[in-house]
Structure formats: C-alpha cells, structure tokens
Amino acid sequence: MFEYEGMTDAALSISSPAPAGDEIRALRSRIQQMQATKLDSRSVRTHPALESLLPGGTLKAGSAYSVERSTALVMALMAGPSADGVWCGVVGMPDFGLEAAAGFGIDLARLALVPHPGDEWLTVTAAMADVVGVVVTVPPKRVPDSAVARLQARIRQREALLIVLGEWPQSEATLRITESRWTGIGSGHGYLAGRQAVVSATARGGLGRPRRARLWLPDGDELFRPVEGQVGAGQVGAGQLGSGQLGSGQLGTGQLGTGQLGGGSGLERARPRILHEVAS
Amino acid sequence: MARGRRAGAAGRSTPVRSMVVWCPDWPVVAMARAEGVAEDAVLAADEFLAVIEKGLVYACSAAARADGVRRGLRIREAQARSPRLRVFELDTAVVNRAFEPVIMALEELSPGVQVVRPGTCALRARGPARFYGDEEGAAVAFLARLAEIGVTDARIGIADGLFAADHAARLPGRELVRIVPPGGSGDFLAPLPVGFLGGLEGADELIPLLGRLGIHSLGEFARLPLEDVQSRFGDDGARAHLKASGRDGQPVVPRIPPEVRESVSEFEPPLDRIDQVTFGIRAAADLFVQRLSESRLVCTGIRVELTSERGQVRERSWLHPRWFSSSDVVDRVRWQLQGGDAIETALESGISRVRVIAEAVDASAKHETGLWGSGSEERVHHGMARLQSMVGHEGVLTATIGGGRAPGERIRFAPWGDRVEASGAGAPWPGSLPPPLPSTVFEQPRVVQVATAEGEPVEVSARGELSAAPALFSETGALHDLRPLSAWAGPWPTEERWWDATAHRRVDRFQVVDDCGGAWLLALENHRWRAEARYD
C-alpha cells in the first residue's frame, strides 16, 4: 500500500515535467560539484589570501581556473606556484604588467612570454603547457569545444595549471572582483596606495554558493592579504593616507628634478589637506 | 730580481732580424669599410674621417691629418680643425675582424706571423729572405699579395729587432719598403726623437724626464751607459735603453692560427625559398655539429652569414641557452632568413652562400647531462625552442626590469635564449610611479577622454595648472561614454629630454578611479589623453 502510494508520487512527479527538470538540473550540478577532475589531484602551493576562496582550499594541478577582468587576481593565483620555483608562461597577453608581477612575488627569471601567438593560440598554449607549470592565457573570442577539451586534456596529463583571463567552460573556479575600493587617493590629492576588494569565487559549474572574501589586492607594500576586521581596516586606511602623503613628497622631488612647476599642481595644494586628515 | 734578470737576458740575446708589415690608419680603413664609405675614397685621401675612442680621436685619415687632426684630440677640437670630419666610434671587434684576412694572406706566404696590434704584424725576416732570394724580394712579394686582397698602401720595414723594424716601416717617406742593413739599427734609430719610446712600459715618466735632462734623440739616450740608466730609471728604463740602442732582443712570437670551425654551403643556382635553403644546409649543419663533438666541444654561440646573389651579406650572432644541436643551427638560419617575419617564405633575392661560424665553443664535458637528465630546465629549453619554431625567434620573450619613468619603458624584453641587458633599474628615476604598480600596462596606449563636470576636456597649462577639476571619464574616448570619476590625483609632470628638440617630451600623469572602482594611469601629452596602464 505504502509502496503503491510512493509509486503514485513518483509517477506524478515524473508526469509533471517542470519541477522534474529543475530537480534533475539541481542533481546534475550536485554531481558535477562532487566530481573532481581527478581523484587524487596534486595540490599546488597557493597564496594564503586565496585559500578561503578556492574549492578544497588550494589550487589543484591539472585543472583550469578562470578570472574575470582582473590581472591582479591572475597574478595572485600565479604568485603561489611561482614562489615554489614553478615556471610560468603567459600567452596572448601583451599588456601583462611585468613590473607589478615582479612586485607581487612572481619570478621573472622563470617567466616566458608569448605576447602575440596569432592564429596559433591553441598550439602555442598547448606547447607551453608541455613545459611550464602554470599557463596564463587570454583565449580568443570564440574557442571551439573541441579545442577546450584538447587543451584541458593536455593540462590534466601534464599536471599543469591553466589560468584563463576570461571565460573558460571547464574551470574549477571562477574568480571575480565584485567590489573595489582604493585607498590613498582623494579628489585631487594622494595617490593609489592600496585596494580593498571583495573577491567572489564560483565553483565548478557556476551553481554552488559563491564564496566571498575581502582582500587587500594589493596593500601598500604590494602584498595580497585578507582584510582583518572592518574596524582594523579603517585604521589601516588612515595609515595608507599617511603613506600617501609620503608618496606625494617623493613626487614633489620628482618635479624638482625635472625643473618644473612651483606650487601650481594639484599635488602641492593637496599636501596640507592630507596632513589635516591624518591629524584629525 | 726576476725583472732584472729578464732585462739582462734581453740584453744578452742578439736582436732578431725582423720584418714589420704596417697598414697605415688601419682602424679608419676598417671602420670606414664597416660603415659603408667607399674604399677608394679613403685611400685617395679625400675623405675626412676619424675614429673615436672614449671621446678622443684614436685614428684619422690622411686628409684629416692634413687638416691638423691628431690622435688624442677631443672630438670638438678635431671637428673645429677639420669641419668636414666624419667620426665613427671605435669598435675593436670590427677592426680586428677586418684585419684577419690580411694575417691569413701573410700566413699563406710565411708561417709565424705575430699580430702586434690591428694594422701591424711582425715576422722573422730570415725565412722569407732565404725563400725569395733576398729581403727586398720577400717584401715585394708580400706587398704584391696584400695588394691582391685590396690592401694597397701597406708598408714594410726590415731591421734588427722589432722596435727598429716597426719604426722603419712607419717612418714617413715615399718608399714602401725600408731595409735597415744588419747591425745598422742603432745608427738608424739614433736621430729619432725620444718621443718614439712612447707606448713602452714606464715611458710616460721617462720621456719628459729625458727631455728635462737635455736628451732629445734616441742616439743620445743610447750613449748613456746601461748600468747608469738601470740604476736611475729601473728595469723599464733599461729595456727602453736597449730598444733605443737597437739591441732589442724581443723575439717574434708567432700566433697559433685559430682553428676556424665553420660550415659553408654554396648554392648554384641561388635558392630563393627559405625551405629550400634550410633543407640545403641540413647536412652541412649535421657535419658542423658532428665535427665539433668529435673534438669534444659544444658550440654556445654561432654567427650566420647569408650572402645573396646580389652580393649583399647579412650577418648576425645567435646565442643558445645551452648548446647548438644541428636542428638549432638550421632554425637560426631560418629565423635570420625570415627576418622576424614568421609567415613569409619567399626571399627578396636568392641566397648563394650560407656560412655558419662557431663563435663560442666550450668543452662538452661541462655540458654533459647528468645520469638522471638535467631535469626541468632542459625540458623548458627544449619546449621554448619548439615554441620559437612556431611563432618565430622574437615571439618568445623573457623580461627584466630596467630604468625609466613610464611603466611601459621599464621592461626590457629579449628573445628566449638571448642575453637580457638591463640597466638603470637601481637608479632613482624621479617621477616614476610609486608602488603598487599597474597590473595591466597597455602595449599601445589607449585613447581616452577626461572632462570637467560640464563636459569640457580637461587641460593642463605649461606651468602645470589644471583648467578645472576632472569629473568625467570615458574609457573609449567617445564623449557619450563619459562616466563620473570617484577619485583622481595629479598632474605629475615629467619633462624628458628637454635639451633635445626632437626627443623632448612633456607628459602630465594622473591616476583616476572610475565609478566601478577601476583605477587607471592616464597621461596627457599634446592635449591628448591616453591611458598608459590600468590597475585591474
């Protein structure tokens, strides 16, 4: 009897297509989340600031990660493996800020660049994945599924790490900056000294709950680190203003060096105001 | 003590009959040839040329000398004396390389050539004199051979001792061959001024001192007793005394001709496709590398010379991060043929000759792979070489940080495998950006627009005054895309090369934050706003 009732329930739920479709999709996404690309993927050294964001708390060798519109986040992902002495390759990014990368702890001596792969993007990226541990790339506008599958297979086989700036269908996690606030700069005074950003990460498939973290990306010492507490953050912000004032002093000497300008620039006028803010 | 014995030994040994071949103004001739000045113009002495080393005249052509240009003058003064003077920076590698054919031509006629300096070489006179009958005959034969390779103004001096022979060759006069009879070196040198001792060890002190002592000629110096000179001027003085008296025992030390490791492929008829050429040299490259490895050497640098059917020569040196295998050699030749363009396969004019010369060789024992392989580095080099064969030699880059103000200027790129030369990274560079640095530095600066709240473009006056506070910002440069700015700072003026009217650059830099929290580094130059970098 109970079985019969259960059967009717099941029959009913199958007969009504809309809720069943939802359920199947939800179940599929659960399965996809629980399926690792490989059972025992080797974990790669990860920058501590990003640990809370990534599924499993670490970067996994042989998988892909995508980042939306932030080269600084790409560099944060690269910084961990590069500090471990892993070779990095950057394909198709002529605008990659190398000096910033060096400041963030990426070893330029173990970095190879192919700024203009041209039509050979897939071959070049695949060949790069053969030799280096971390491949950073911007895919062309339209990548055929077959190319994605081939590159993904190559990455998995070589246990390399693929970091894509842009969309990537098979990424382990997608990172993006949802909120960004710069410190040290006002209207007409100071300079960019640090940024507090809220980074959100969506795990594989895009259906899990996004993880969020508030990070310094970077702080005044070119470091990535989590923001400790809102109150503390406010104090750090004031400290940044202080260093901002210092920085403007340096720039002032720059002006002297070029033999330019009296007190006319926005910067010169700004200095007393910053002092005032620090004092208050 | 040891030095004293050396001087004594030199005194006891009898001077060797020496022959010095001198090519006048060799640095000028060699540099002019390298810079493409017509050679007969140099020889006809109507071209005003000077070679400069560290801001001073090192050598000059006969025409310039007639105008009063001398060695050791400053460029400005030389140009004032000879207004039509053309100056070249001295490149010792070029000068030495140009002299190589001369030495080889002499070595064909007589072994044991010593290169004194580029332009001058010495031989023992006895052998050639016996072979050609007498010294004069030998000298004429040598001059004839040199004229065949295009050196028509060489002079030869023959005397007892290198010093006397050198001056016999260099003494002004019309005769091309000057022979000082055996035993006559002392008499020959006697009337010459003591200034001719210049260039010897300790001569800088000796020559002015002799002048103050009233000794003006080498003969007067030679008449002083050797013991007195040695006790007063030391060993250097004693050696100078021996030279001045024509009893210079300095032997001719022949050079050991270097074994040239090269591979030459000639194509008849000339080949006009890159793949034909690379295929044509494959076997030669194999043989080249095989010969090197037979003598237990590996090659870490090569020079490739490509001669086209029109006679143009393109040469370039290539380095290898490890050592060249035969396929690496073929790759380098192909890249040089492509000239940075990875797609072009046809050539402007056919290639008739490819010459590959080993520039740097090393013992192969130092480059042996370990028992378990040399690990990841080797794999990386192989992989990058493969990438280079896909996107061209200049397509795979490594970078270092150098000096400069704008973020894009500070990075120095070098093709994979070449050495990166970075300079000025440690210098202060006032006006450069404070950290944190932008994570995106645009290869081509983007056109943007910055406007006041009313939509007027923001300008900076020559004195650095802003026309109004920036309030709106357009990422694309289009006016309908203007969005509000949440923060801005600047202008930070940079005035570069104000002393040079053509290279002068005045840039005002700004940092701005747009309403989405994205930060930009902007530059205002000639009333145009550009985004140089982005903090994304």
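The values are calculated or read from the model by the stated rules, or taken from the named source; none is laboratory data. Since this is a predicted model, take the numbers as computed values, not measurements. All Cβ positions, even for glycine, are placed from backbone atoms using ideal geometry, and neighbour counts span all protein chains on display.
A:ALA102 falls short on exactly one of the conditions (1) facing chain B (nearest Cβ under 9 Å); (2) closer than 17 Å to B:THR398 by Cβ; (3) in contact (Cβ under 8 Å) with a residue 12 or more places away in the chain; (4) not in a strand (DSSP E or B), and that condition is (3).
Can you tell me which residue within the stretch B:484-518, out of those that are in contact (Cβ under 8 Å) with a residue 40 or more places away in the chain and under 15 Å from B:SER474 (Cα atoms), is nearest to the chain's Cα centre (by Cα)? Taking the candidates together, the pick is B:PHE510.
Being farther than 30 Å from A:GLY85 by Cα, modelled with pLDDT under 85 and not small (Gly, Ala, Ser) is not true of B:ASP418.
Only residues that are surrounded by fewer than 19 Cβ atoms within 10 Å (Cβ to Cβ) and in a loop (DSSP other than H, G, I, E, B): list them for the stretch A:139-169, please. Those that are surrounded by fewer than 19 Cβ atoms within 10 Å (Cβ to Cβ) and in a loop (DSSP other than H, G, I, E, B): A:PRO140, A:LYS141, A:ARG142, A:VAL143, A:PRO144, A:GLU159, A:GLY166, A:GLU167, A:PRO169. Residues that are under 19 Å from B:ASP275 (Cβ atoms) and of a type outside the set (Lys, Arg) within the stretch B:308-337 comprise B:SER308, B:GLU309, B:SER326, B:SER327, B:ASP328, B:VAL329, B:VAL330, B:ASP331, B:VAL333, B:TRP335, B:GLN336, B:LEU337, listed in sequence order. Scanning the stretch A:54-70 for residues that are in a helix (DSSP H, G or I), at pLDDT 90 or above and hydroxyl-bearing (Ser, Thr, Tyr) turns up nothing.
Taking the condition away from chain A (no Cβ under 12 Å) and either in contact with a Pro (Cβ under 7 Å, 6 or more places away or on another chain) or within 14 Å of B:ALA531 (Cβ to Cβ) (or both), does B:VAL441 pass? Criteria not met by B:VAL441.
This table checks each residue for (1) within 10 Å of chain A (Cβ to nearest Cβ); (2) under 28 Å from A:ALA193 (Cβ atoms); (3) surrounded by 19 or more Cβ atoms within 10 Å (Cβ to Cβ).
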position: B:ILE357; (1), (2), (3): no, no, no
position: B:ALA365; (1), (2), (3): no, no, no
position: B:VAL420; (1), (2), (3): yes, no, no
position: B:LEU433; (1), (2), (3): yes, yes, yes
position: B:GLU454; (1), (2), (3): no, no, no
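Residue count for the stretch A:174-211, restricted to those that are among the charged types (D, E, K, R), within 30 Å of B:PRO434 (Cβ to Cβ) and more than 8 Å from chain B (Cβ to nearest Cβ): 1.
Here B:GLY211 does not qualify as among the small types (Gly, Ala, Ser), over 31 Å from the mean Cα position of the chain (by Cα) and surrounded by 18 or more Cβ atoms within 10 Å (Cβ to Cβ).
A single member of B:ARG353, B:ARG410 is in the same structural domain as B:VAL313 (by TED's automatic domain parsing) and at pLDDT 85 or above, and it is B:ARG353. The set of residues in the stretch A:126-138 being more than 7 Å from every other protein chain (Cβ to nearest Cβ), assigned to a helix (DSSP H, G or I) and surrounded by fewer than 24 Cβ atoms within 10 Å (Cβ to Cβ) consists of A:ALA126 alone.
Looking across the stretch B:288-327 at every residue that is hydrophobic (A, V, I, L, M, F, W, C) and in a loop (DSSP other than H, G, I, E, B), the one that is nearest to B:ARG353 (Cα to Cα) is identified as B:PHE324. Restricting the stretch B:141-186 to residues that are assigned to a helix (DSSP H, G or I) and free of Cβ contacts under 8 Å to residues at least 12 places away in the same chain, which is surrounded by the fewest Cβ atoms within 10 Å (Cβ to Cβ)? For the stretch B:141-186, the residue satisfying everything is B:ALA144.
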